[in-house]
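The block underneath contains the structure these notes are about, expressed in structure tokens.
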Amino acid sequence: MKNYKIQNKIIEAPVETEKIKKAYKWWSKGYFLFAPLEKTARTRGIELADIKPGDRVLEVAVGTGYSFLEILKRVNRNNTVCGIDLTPAMLGKTKRLITRKGYLNFDLREGNAKHLPFPDETFDILYNSFMLDLIPIAEFPAVLNEFRRVLKKDGRMVLVNMSKKENTPVLIEKLYNKVYNWNPYLWGGCRPVFMESFVKQTGFRNVSREVPKSIHQSEIVTAIK
């Protein structure tokens, strides 16, 4: 039996990008069941992003599009909002949702957070939710450096992650090893993370962490480039 390591009080996620991509192709069909549990944290994250009508905004990991739609509501109709996701099925869900609502000012692309397909200093705001909690700890610096690269000077970053208030193991962590020995992609690798220190180490400033009251334990980390 394999037991996974704990580093920086975070359980390691032994997942592979291509397998995650396949897992979320399947998850795209039923993710609507879990989206309501994430709504409080996502909504608070967008509120903290303080999006202005003229801001250039990128959402990394758009999922089924609920946050992307809220971002579109906050910008001018002639202002293109960009979004990427690893999984084409998720991009399809997002595109169908936002076009049904009448929005055409978007640029959705398949892409990896470690290699964002955008030039340096493109965006005023970068929003990312429930992605970092499913990738290996070793990949955190590469992802955060990419986030920093595409942000303009004084650009704002908002991260929403599965997390917890304290360091005491919660139920999902207690089940983690057992579930992973059976099927490591059952819930996509998600586990509680603490991103504040990683964000500071990447060179962001004004880093702040908030834990909203919600059934789904989450953290919101905000920072300025």
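The values are calculated or read from the model by the stated rules, or taken from the named source; none is laboratory data. Bear in mind the structure is a predicted one, so any value in this text is a computation, not a measurement. Here the Cβ positions follow ideal geometry from the backbone for every residue, glycine too, while neighbour counts run over all protein chains shown.
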* Asked: Which ones in the range 105-117 are in a loop (DSSP other than H, G, I, E, B) and either free of Cβ contacts under 8 Å to residues at least 24 places away in the same chain or closer than 19 Å to Phe140 by Cα (or both)?
  -> Gly111, Ala113, Lys114, Leu116, Pro117
* Structure fact -> Subset of the range 86-103, residues free of Cβ contacts under 8 Å to residues at least 40 places away in the same chain and not in a loop (DSSP other than H, G, I, E, B), comes to Leu91, Thr94, Lys95, Arg96, Leu97, Ile98, Thr99, Arg100
* Hey, any hits in the range 136-147 for a residue that's in a loop (DSSP other than H, G, I, E, B) and either out of contact with any strand residue (DSSP E or B) (no Cβ under 9 Å at 6 or more places or on another chain) or not polar (S, T, N, Q) (or both)? -> yes
* To do: Test Leu33 against the stated conditions and say whether it is modelled with pLDDT under 95, touching a His at 6+ places or on another chain (Cβ under 8 Å), farther than 22 Å from His115 by Cβ and surrounded by fewer than 20 Cβ atoms within 10 Å (Cβ to Cβ).
  => no
* For the subset of the range 148-171 comprising residues that are at pLDDT 80 or above and in a helix (DSSP H, G or I), which member is surrounded by the most Cβ atoms within 10 Å (Cβ to Cβ)? -> Val150
* Asked: Inside the range 88-140, can you point out the residues that are over 20 Å from Val199 (Cβ atoms), crowded, with 16+ Cβ neighbours inside 10 Å and under 16 Å from the mean Cα position of the chain (by Cα)?
  -> Met90, Leu91, Thr94, Leu108, Gly111
* From the list Lys200, Lys174, which residue is over 14 Å from the mean Cα position of the chain (by Cα), part of a helix (DSSP H, G or I), surrounded by fewer than 16 Cβ atoms within 10 Å (Cβ to Cβ) and modelled with pLDDT under 75? -> Lys174
* Limited to the range 36-66, what total is found for residues that are within 21 Å of Leu134 (Cβ to Cβ) and part of a loop (DSSP other than H, G, I, E, B)? -> 5
